[in-house]
Amino acid sequence: MKVVAWTEYCLGCGLCEIYCAAQHDGYNGNVLKIFKKGRPMHRSRLLKAEQGTWLNTCMHCTHAPCINGCISGAIKRDPNGIVYVDYERCVGCYSCVMLCPHGHVRPWSERHQVLKCDLCRDTGLPSCVANCPNGALQLVD
Amino acid sequence: MRYVIIGGCIAAMGAVEGIRSIDKKGSITILDGEQRGVYSRPLISYYLAQPDRFKNLAYRSAEYLDHHGVDVMKGWAVQIDRSRREVVLHDGQIISYDRLLIATGAAPFIPDISGIKAPWVKTFYTIADVEALDSILTKGHNALIIGSGLIGMKAAESLRQRGLNVSVIEKERHILPRILSPESANMVNCLLNEAGIKTQCGEELTAVNENQANFASGLCLPVDILVLAMGTKPHIELAMDAGLKVNQGIMVDEYLQTSDENIYAAGDVIETRNIITGTSEIMALLPLAHREGYLAGVNMAGSKSCAYEGGIFMNSLNILGISICSAGSLPRAETEFLVWQEDHKYLQIFLDGDFLCKYIAVNLPEVTGPLTNTIADKIRIEKRLWQHFMTSPTLSAFPDVYWQKLRKEANYDYNKCS
């Protein structure tokens with residue numbers, strides 16, 4: 001499973017980032033005034049290139065370089081194939097950041113750890129997909 | 001089928017995953033010479049810095065090993081009897097195999113100089129090394145690190161975090177000589193000094209005396225703890241005694257098979273093909289060790305079907321909040337490069353025609369994934385596109401050629417979009 005982003009339908013509004021942030025770190029998807037309550041972090045980033053905009057999502061690769069190159073075994077795959085970060089173990093060496101071909105895994109500087117898409121695995125349909133106003137994001141197998 | 005793996009680090013874990021992708025039933029025995037369980041070596045610096053927080057150094061959990069049906073056996077191998085297909089352990093036990101993987105890794109290089117056996121001279125490579133250091137370190141004491149490679153820098157960081165006065169001494173002209181360029185080293189050097197780690201280059205250790213280290217230039221430094229981080233050498237003795245083909249490391253073919261058809265080797269102990277320079281060399285890197293182990297495992301379990309194309313040098317390390325990422329090699333000394341710099345951020349890319357062959361990123365990790373992949377996959381991107389990227393190196397500005405290729409490989413079904 002992974003979220004694919006359709007550049008031709010992406011408006012570049014950035015709601016995906018907002019909903020992604022609100023879905024994580026204990027904010028339970030409550031998007032209202034979320035950034036007044038703290039600093040939740042979005043996992044995927046909206047890229048804005050000359051040729052268009054798109055959400056840079058995780059492909060949850062079959063042979064994931066981030067899992068194999070993680071020095072602490074912090075990046076794991078759950079039984080559904082979702083690649084996620086175990087924050088008890090991440091030491092913030094950024095090996096995964098250096099290895100991800102998609103440039104998806106990114107530093108979480110404040111915590112010296114990393115951020116990546118977990119397909120909102122605790123809550124059902126990924127928040128970015130559920131809330132994209134133009135249907136530019138799709139969950140595929 | 002009975003698989004035996006000598007060594008219990010990253011390559012061994014890769015091999016377990018490779019074997020199990022083909023053979024779900026065969027028995028797998030890991031011979032854990034260090035007798036500390038399967039753990040990830042790079043974590044030792046975190047363990048030394050915060051012993052209470054980072055007690056668990058496992059790369060894969062015990063449940064994971066259980067799930068894969070792996071038997072971890074304490075004991076180090078002293079001999080391989082190829083004709084009987086047996087491994088002899090230090091206590092005389094004999095373990096027989098159908099397929100053997102040598103993943104014995106490497107050991108720290110220790111120079112033959114006077115005083116080197118003093119009790120306050122330590123290496124920094126194993127859990128036992130950390131425990132030995134931990135037992136003698138005192139806040140405020142002077143620590144000297146000999147060698148400014150990855151291991152030396154991580155040792156320096158953890159000792160600094162434990163409150164010691166830390167100086168790193170490098171023999172070459174600049175710190176992290178295998179990773180950084182002179183320009184980038186200059187910048188990292190300043191950042192390290194600000195963070196409380198002193199550095200000195202061009203100094204070669206010649207003797208260790210009572211609380212003092214002497215260098216070739218005549219320099220004398222007071223020292224309470226001295227850490228040797230002068231590089232490593234592959235543990236090839238076992239393979240050599242067994243009559244396997246070795247050079248600097250164990251020689252393997254593209255299927256990770258040694259000169260004996262039942263014996264494979266992977267990880268820091270083998271010579272690997274550097275795909276940028278085409279040369280065979282020791283490339284002791286964690287991601288390569290896993291990949292080599294995995295492919296060796298697949299080939300051991302099935303028909304030799306998965307060839308290993310070789311790898312590129314790549315390193316990512318954080319030292320006291322300074323991020324350094326680098327990948328690739330220089331095909332020749334004079335390689336064209338482009339530089340971008342802003343505040344504490346720095347990016348240098350080296351071009352061989354239309355091919356990226358190396359990059360060095362300081363405090364700019366977010367663009368390094370695509371850069372690493374561009375090098376490893378030898379993706380052709382014109383120089384003018386790199387020049388454009390280097391005016392503002394962000395992911396959004398990364399050459400579109402690259403994203404197009406990724407999308408094509410991801411094989412999206414565009415018709416599915418509603």
Lone unmet requirement of (1) at the interface with chain B (Cβ under 9 Å from one of its Cβ atoms); (2) surrounded by fewer than 23 Cβ atoms within 10 Å (Cβ to Cβ); (3) in contact (Cβ under 8 Å) with a residue 12 or more places away in the chain for A:His63: (3)
Region B:257-302: number of residues that are under 17 Å from the mean Cα position of the chain (by Cα) and either within 14 Å of another protein chain (Cβ to nearest Cβ) or not aliphatic (A, V, I, L, M) (or both): 21
Residues of region B:29-53 satisfying the condition of being farther than 28 Å from B:Gln93 by Cβ and more than 20 Å from the chain's Cα centre (by Cα): B:Gln50, B:Pro51, B:Asp52, B:Arg53
Which listed residue is of a type in the set (Asp, Glu), more than 19 Å from B:Gly231 (Cβ to Cβ) and not in a loop (DSSP other than H, G, I, E, B), from B:Glu292, B:Glu309: B:Glu292
Any hit, region B:132-153, residues being surrounded by fewer than 16 Cβ atoms within 10 Å (Cβ to Cβ), among the hydrophobic types (A, V, I, L, M, F, W, C) and over 29 Å from B:Ala266 (Cβ atoms): yes
Condition check for A:Glu8: outside any loop (DSSP other than H, G, I, E, B), over 13 Å from A:Cys120 (Cβ atoms) and of a type outside the set (Lys, Arg): yes
Region B:344-383, subset over 21 Å from B:Gly310 (Cβ atoms), within 14 Å of chain A (Cβ to nearest Cβ) and of a type in the set (D, E, K, R), residue surrounded by the fewest Cβ atoms within 10 Å (Cβ to Cβ): B:Lys345
Conditions (1) under 25 Å from B:Ala156 (Cβ atoms); (2) within 18 Å of the chain's Cα centre (by Cα): number failed by B:Leu226: (2)
Search result, residues across region B:150-161 that are in contact with a strand residue (DSSP E or B) (Cβ under 9 Å, 6 or more places away or on another chain) and not charged (D, E, K, R): B:Leu150, B:Ile151, B:Gly152, B:Met153, B:Ala155, B:Ala156, B:Leu159
Boolean, B:Leu238 is touching a residue at least 12 places away in the same chain (Cβ under 8 Å) and not assigned by TED's automatic domain parsing to the domain that holds B:Ala195: yes
Residues (outside any loop (DSSP other than H, G, I, E, B), within 12 Å of chain A (Cβ to nearest Cβ) and crowded, with 17+ Cβ neighbours inside 10 Å) located in region B:16-70: B:Glu17, B:Gly18, B:Arg41, B:Pro42, B:Leu43, B:Ile44, B:Ser45, B:Tyr46, B:Tyr47, B:Ala49, B:Tyr64, B:Leu65
Only one of B:Ala156, B:Ala107 that is assigned to a helix (DSSP H, G or I) and of a type outside the set (S, T, N, Q): B:Ala156
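The values are calculated or read from the model by the stated rules, or taken from the named source; none is laboratory data. Predicted, not measured: the structure shown is a model, and the values here were computed from it. Reconstructed Cβ throughout: ideal geometry from the backbone, glycine too, with neighbour counts over all protein chains shown.
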